[in-house]
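Report on one structure; see the data block that follows.
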Amino acid sequence: MKRKIVAGAGLAIGALTLAVVAADSAVPVDTSALRAAVTVGNARLHQFVLQMIADDNGGVRLAGTQGHDDSAEYVAQAMTAIGLDVSIQPFEFVSFRPLGPSDLSQTAPVPTVYVEGTDFEVMAQSEPGDVTARVTGVDLNLVGTRASSSGCEAADFAGFPAGDIALIQRGTCTFQLKAENAAAAGAVGAIVFNQGNSPDREGIINGTLQAGYSGGIPVVDATFARGAEWANTAGLVMRIHTNVERQLVITHNVIAETPGGRSDRVVVVGAHLDSVPTGPGIQDNGTGSAALLEIATQMAALGIEPRNKVRFAWWSAEESGLVGSQFYVDNLTAREVKNIALNINLDMIGSPNPVRFVYDGDGSATPLAGPNGSKNIEQVFLDYFASQGMATEPTAFDGRSDYGPFIAVGIPAGGLFTGAEGIKSEEEAAIYGGTAGAPYDPCYHLACDTYDNIDEQVFDEMLDASAHAVLTFAMTTSAINGTDKGSDKAMQAAASMEMLGSHARQ
Ligand SMILES: [Zn+2]
């Protein structure tokens, strides 16, 4: 993994005054001093500490484990030391993690062992289990459009032999409902294969049954090709072994807010602090976590007194389905929702094969616009990067990170991203360098997401842009027009989000 030290640091320094794009007031905010104070070197020190914490705790900082608890303690102490008001918000949730390799095999008619990560994967939040049984398909549609509501209705299981493994096709309803219906029909296990109705619905689903799953049976997901093959195999008997652990654990969000600033115009700046169960999460999301630590530290060091209260939040259990940020929003009163002006989310901002992505607040280039006001946040980022002569790309509000619960209640949101499992295009490589045809982050959700899995130049650029946006909104006098807060319109927008966290839910 190549490392680059920032050569062009001076780029961002020099008075930069940007008028906030609110029609009712133009507020010049000079962020150059803060951007000069915020350094990638300091942020990297925070990441080094997170790496050491992971090293001391089995290589992970998963919510509910000592690795995350120590990370949260580090953040709380650091923010207390600079004079912010720190609070800990505990909550419990069902944690899920693999304990080792799982197995899927055919025992009849042709003994075959399938490959985890290629042919199949354990669905997140599956129960542990080891079952071998005949396989029966449930309302499958392998031809034409492959439209599917397989397993969505109890009637789909009419005549289903209890004790069999249910073979189910993706489509229409959540994996949780499909698996629970199968269990209710007497299935001892379930295989959910991808729908096969579009190119991005052929491979492994990487799905979740979500923390509320109560089917009690082991569930794996598989490629469409394998699913179709099994559906056409007479006398099929298979073994499902899910080597995983599910347990109710307690974890907590860490909240640190400025003592000063209007508490009816709160700027919430969030980043999840937890890692996946398979790696230390120094890119995902040690970058966002360190950025918040560094921006807060330098704002305090410069004696900045924000006009609007800034609330930094290190969410837990994002990797289990945005659980921490959802818990936070669910426990806000209507007044507290109204008092939040906006949410800035930073999740993965130092990818080793990066692109500078800005959340597409107005949905001008991607399917979903954020609540009213999100466009303003996007514009502040776009204007900043333009002022630095830096290109950017829009990225969708697909609900895959902790801004999801905020926009669901109408709070405008924005943020930055540098890419995860997506593949860099030739055009992007021509603009941003790096490797076309390769993932933005080859170590996404893997053990190699370590201290070395960072591009320091893009991390530095994203740090400065984040500092600029945080200070711009901390000092602005405009209301950011969050008129959707708590409205039905916001709920409708949320309902259309299919992706939740890093796993698909349907
Ligand atoms: Zn993440």
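Modelling each spin label as a point 7 Å along the Cα-to-Cβ direction, I'd like the Q77/A396 distance in nm, to one decimal.
4.3
Bin width 10 Å, alpha-carbon pairs only: give the P(r) of region 187-290 as whole percents, running from 0 to the bin holding the largest distance.
Per 10 Å bin, starting at 0, the Cα pair percentages come out as 11, 26, 27, 19, 11, 5, 1.
For M123, which sequence-distant residues (separation of 5 or more, or a different chain) have an amide H within less than 5 Å of its own amide H, given hydrogens modelled in the peptide plane?
V219, V220, D221
Going by Cα centres, region 157-171 and region 266-336 are how many Å apart?
Answer, in whole Å: 42.
Given points 7 Å out from each Cα along the Cα-Cβ axis, report the S149 to I250 separation in nanometres with one decimal.
4.4
Counting only helical runs of four or more DSSP H residues, what would the 222 nm mean residue ellipticity of the chain come to if each run contributes -39,500 (n - 2.57) and the total is spread over all its residues? Can you show the working numbers first?
Numbers: 13 runs with 141 residues, N = 506.
Estimated from H runs of four or more residues: -8500 deg cm²/dmol.
Give the shape of region 278-379 as rounded, prolate or oblate, defined through the alpha-carbon gyration tensor: a ≥ b ≥ c are the square roots of its eigenvalues, a/c under 1.5 means rounded, and otherwise the shape is prolate if a/b is larger than b/c and oblate if not.
Numbers: a/c = 1.22, a/b = 1.07, b/c = 1.15.
It is rounded, given that a/c, with a ≥ b ≥ c, falls under 1.5.
Given charges of +1 on the Cβ of Lys and Arg and -1 on the Cβ of Asp and Glu, with all other atoms neutral, how large is the dipole of the chain about its Cα centre, in debye to the nearest 20? Present the calculation step by step, with values, prior to reporting the outcome.
Numbers: 29 positive and 58 negative charges, 116 e Å.
Value, rounded to 20: 560 debye.
Rounded to the nearest 10 Å², what accessible area does I423 have for a 1.4 Å probe in the complete protein model?
90
Please return the longest stretch of the chain lacking exposed loop sites, where GluC sites (Glu not before Pro) count only if DSSP places them in a loop and at most 16 other Cβ atoms lie within 10 Å.
203-420
Not counting ligands, DNA or RNA, and with a 1.4 Å probe, what is D398's accessible surface area in Å² rounded to the nearest 10?
Result for D398: roughly 60 Å² accessible.
What number does region 363-449 give for Rg over Rh if you use C-alpha atoms and the Kirkwood radius?
Computed over Cα atoms, the ratio is 1.00.
Go through H241, A190, G215 and say which Cα lies farthest out towards the positive end of the charge dipole of region 101-242; charges sit on Cβ, +1 for Lys and Arg, -1 for Asp and Glu.
Looking along the dipole axis, the top candidate is A190.
Charges only on Cβ, +1 for Lys and Arg, -1 for Asp and Glu: so what's the dipole of region 101-242 about the Cα centre, in debye to the nearest 20?
On the way: 7 positive and 15 negative charges, 41 e Å.
With only Lys, Arg, Asp and Glu charged at Cβ, the dipole is about 200 debye.
For S105 and A365, calculate 0.36 nm times their separation in residues minus their Cα-Cα distance, and state this gained length in nm to one decimal. Show your work: numbers first, answer last.
Values: separation 260, 0.36 × 260 = 93.60 nm, distance 4.32 nm.
89.3 nm is the gain from fully extending S105 to A365.
Farthest toward the dipole's positive end in the chain, which of S401, Y114, I349, given Cβ charges of +1 (Lys, Arg) and -1 (Asp, Glu) about the Cα centre?
The residue sitting most towards the positive pole is S401.
Report P(r) for the chain: all Cα-Cα distances, bin width 20 Å, range 0 to the bin holding the largest distance, values in whole percent.
Using 20 Å bins, I get a P(r) of 24, 53, 21, 2 for the chain.
Name the residues whose placed amide hydrogens come within less than 5 Å of the amide hydrogen of E245, ignoring near sequence neighbours (fewer than 5 apart) on the same chain.
R97, L99
Let me make sure I get this right: for region 101-242, a, b and c are the square roots of the gyration tensor eigenvalues over alpha carbons, sorted descending. Under 1.5 in a/c it's rounded, otherwise prolate if a/b > b/c, else oblate. Which is it? Walk me through the numbers on the way to the answer.
Details: a/c = 1.13, a/b = 1.04, b/c = 1.09.
Note, shape of region 101-242 comes out rounded.
Label A158 and R201 with points 7 Å out from Cα along Cα→Cβ: what is the distance between them in nm?
According to this spin-label approximation, the distance is 2.5 nm.
Under 1.5 on a/c is rounded, so check that first for region 135-190, then, if it is not, pick prolate when a/b is larger than b/c and oblate when it is not; a ≥ b ≥ c are the square roots of the alpha carbon gyration tensor eigenvalues. The partial results should precede the final answer.
Values: a/c = 2.02, a/b = 1.53, b/c = 1.33.
Here region 135-190 falls in the prolate category.
If you stretched the chain out fully between I431 and R335, how much longer would it get, using 0.36 nm times the residue separation minus the C-alpha to C-alpha distance?
Working: separation 96, 0.36 × 96 = 34.56 nm, distance 4.46 nm.
This chain segment gains 30.1 nm when fully extended.
Cross-link partners among aspartates and glutamates for K309, C-alpha distance below 14 Å, same-chain residues fewer than 8 apart left out?
The reachable aspartates and glutamates, counting only those whose Cα sits under 14 Å from K309, are D85, E257, D264, E336.
Once the dipole of region 247-323 is set up with Lys and Arg at +1 and Asp and Glu at -1 on Cβ about the Cα centre, which of V267, V323, G279 lies farthest towards its positive end?
So the residue we want is V267.
The values are calculated or read from the model by the stated rules, or taken from the named source; none is laboratory data. This structure is a prediction, so every number in the text was calculated from the model and none was measured. Every residue, glycine as well, gets a Cβ built from its backbone with ideal geometry; the counts of neighbours run over all protein chains shown. Quick note on the areas: whole protein, heavy atoms, side chains included, nothing else; ligands and nucleic acids left out. Shrake-Rupley method; radii C 1.70, N 1.55, O 1.52, S 1.80 Å.
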